[in-house]
Amino acid sequence: LGFGEPSVDEQLGQMRYRTLGFPAWPLVHDPKKARFALEVTQEFRKAKKRAASKPGHAKEAFDEIAKKLGRTVPHFLPSFWEECGRVMADQGANAMAAQCFERAREAERAHKLKVDEEARDAVFVEFALLGAVAVKSLSAYAKDLEKSAGAKDAYRRFRTIVVQRALGGMPPWSGMGKDLRALAKAAKLDLDVEDDALVRELIDSPALRRAPGEFWNTYKPALLRVGKTPEVRA
């Protein structure tokens, strides 16, 4: 059909990847019931405008909209609360953004919703890079993944989140090594090999300058091993 690899002559702009928001998610995944999302879109826009000057009032408005959606289309709630989180993060209200992110996860559990695992992983990375995911949420997600996906798949997916988060500019958290190594051990992987590979991937990340002491203590043996190569030593 003539669809080939495009030739690019000039530099292209780049932007951070984000998952489908609200009301885009309902329109794509459940168009028959999307009218419920469209009906509250105007209210959502009004609340969004208030977020800059009165974030608390905006949050109250979001709560009211969520109640309406919860009564008719609860499976819209995760995408709705994630969009609320983006609004709050854009205003620098990261604590409220993190609360919205948690509300999205609570809705998944409360209504026992079917979840697109890859999409949820992407949301974790997106919000982690916004500084809107609490460390306890990341640790809890590691345990949830092991239960739902099995140790090997959980390790692969959680490791991807860890690496993308760090390369995106967020420093490792104190218990990161513990969480990651626990999954690797459960998956019966060689911990030394995995630790070495992770250190090699993260060593160039500027975010490591802000890594806590626990990170360096956890990965000290790996640093000593991979530090035998000139490029890592440098």
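The values are calculated or read from the model by the stated rules, or taken from the named source; none is laboratory data. Just so it is clear, the structure is predicted and the values come from calculations on it, not from any experiment. Ideal geometry is used to build each Cβ from the backbone, glycine not excepted, and the neighbour counts take in all protein chains shown. SASA here: full protein model, heavy atoms, side chains in, ligands and nucleic acids out. Shrake-Rupley method; radii C 1.70, N 1.55, O 1.52, S 1.80 Å.
D for region 183-234, whole µm²/s, Stokes-Einstein with Kirkwood Rh over alpha-carbon pairs at 10 °C and 1.306 mPa s: what number? Each step should come with its number before you reach the end.
Working: Rh = 11.7 Å.
Here the translational diffusion coefficient equals 136 µm²/s.
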For this session: Could you go through region 201-212 in sequence order and give the Karplus-derived ³J(HN,Hα) for each residue, using 6.51 cos²θ - 1.76 cosθ + 1.60 with θ = phi - 60°, rounded to whole Hz, and x for Gly and Pro?
Result: 6, 9, 4, 8, 6, x, 5, 5, 4, 9, 5, x
Exercise. Quick one: helix 176-186 against the long Cα principal axis of the chain, what's the angle to the nearest 10°, folded into 0 to 90?
Worked result: 80
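How long are the semi-axes of the equivalent ellipsoid of region 78-211, defined as square roots of 5 times the Cα gyration tensor eigenvalues? Whole Å, largest first.
Working from the Cα gyration tensor, I get semi-axes of 25, 19, 10 Å.
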Exercise. Which whole-number percent is the relative contact order of region 76-161 (Cα, under 8 Å, 6+ apart)?
Worked result: 25
Exercise. Which far-off residues, 5 or more places away or on another chain, put their amide H under 5 Å from the one on residue 93, with H placed in the peptide plane?
Worked result: none
For this session: May I have the extent of the alpha carbons of region 1-133 along their three principal axes, as whole Å values ordered from largest to smallest?
Result: 49, 34, 27
Exercise. Simple spin-label model, 7 Å along Cα-to-Cβ: residue 95 to residue 53 in nm?
Worked result: 2.3
For this session: Read phi for every residue in region 158-175 and hand back ³J(HN,Hα) as whole Hz from Karplus 6.51 cos²θ - 1.76 cosθ + 1.60, θ = phi - 60°, with x for Gly and Pro.
Result: 5, 4, 4, 4, 4, 5, 5, 4, 5, 5, x, x, 9, x, x, 8, 4, x
Exercise. Of 193, 123, 57, which is farthest along the charge dipole of the chain in the positive direction, counting Lys and Arg as +1 and Asp and Glu as -1 at C-beta?
Worked result: 57
Exercise. Loop-only check: which trypsin sites (Lys or Arg not before Pro) in region 1-52 are DSSP coil with at most 10 other Cβ within 10 angstrom?
Worked result: 16
Seminar exercise, completed: For region 37-53, Karplus-derived ³J(HN,Hα) couplings (6.51, -1.76, 1.60; θ = phi - 60°; whole Hz; x for glycine and proline) come out as 6, 5, 5, 9, 4, 5, 4, 5, 5, 5, 5, 4, 5, 7, 4, 5, 9
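About its Cα centre, how strong a charge dipole does the chain have in debye, to the nearest 20, once Lys and Arg get +1 and Asp and Glu get -1 at the Cβ?
On the way: 41 positive and 33 negative charges, 169 e Å.
Once rounded to the nearest 20, the dipole reads 820 debye.
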Exercise. Roughly what would the spin-label model give for residue 71 and residue 35, points 7 Å off Cα along C-beta, in nm?
Worked result: 1.7
For this session: Measure nothing fancy, just the Cα-based angle from helix 55-72's long axis to the longest principal axis of the chain, in degrees from 0 to 90, nearest 10.
Result: 70
Problem set entry | Helix 94-110 axis, angle to the chain major axis (alpha carbon atoms, nearest 10°) | 80
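Could you look at region 183-234 and say what percent of its accessible area is carbon and sulfur, using a 1.4 Å probe and all protein chains?
Values: 1790 of 3330 Å².
Answer for region 183-234: carbon and sulfur cover 54 percent of the accessible area.
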Exercise. Dipole of the chain (Lys/Arg Cβ +1, Asp/Glu Cβ -1, origin at the Cα centre): which of 174, 1, 77 lies farthest to the positive side?
Worked result: 77
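Relative to the compact globular guide of 2.2 N^0.38 Å, what is the alpha carbon radius of gyration of the chain, as a ratio? Walk me through the numbers before you get to the answer.
Details: Rg = 20.4 Å, N = 234, 2.2 N^0.38 = 17.5 Å.
Dividing the Cα Rg of the chain by 2.2 N^0.38 Å gives 1.17.
Can you give the extra length, in nm with one decimal, that the chain gains between residue 5 and residue 115 once fully stretched, where that is 0.36 nm per residue apart less the Cα-Cα distance?
Details: separation 110, 0.36 × 110 = 39.60 nm, distance 3.28 nm.
Taking 0.36 nm per residue and subtracting the Cα distance, the gain is 36.3 nm.
Ignoring ligands, DNA and RNA, what accessible area per residue does region 108-234 give at 1.4 Å, in Å²? It would help to have the intermediate numbers written out before the result.
On the way: 6860 Å² over 127 residues.
For region 108-234, the solvent-accessible area averages 54 Å² per residue.
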Problem set entry | For peptides 207-216, 84-93, sequence by mean Cβ density within 10 Å, most packed first | 84-93, 207-216
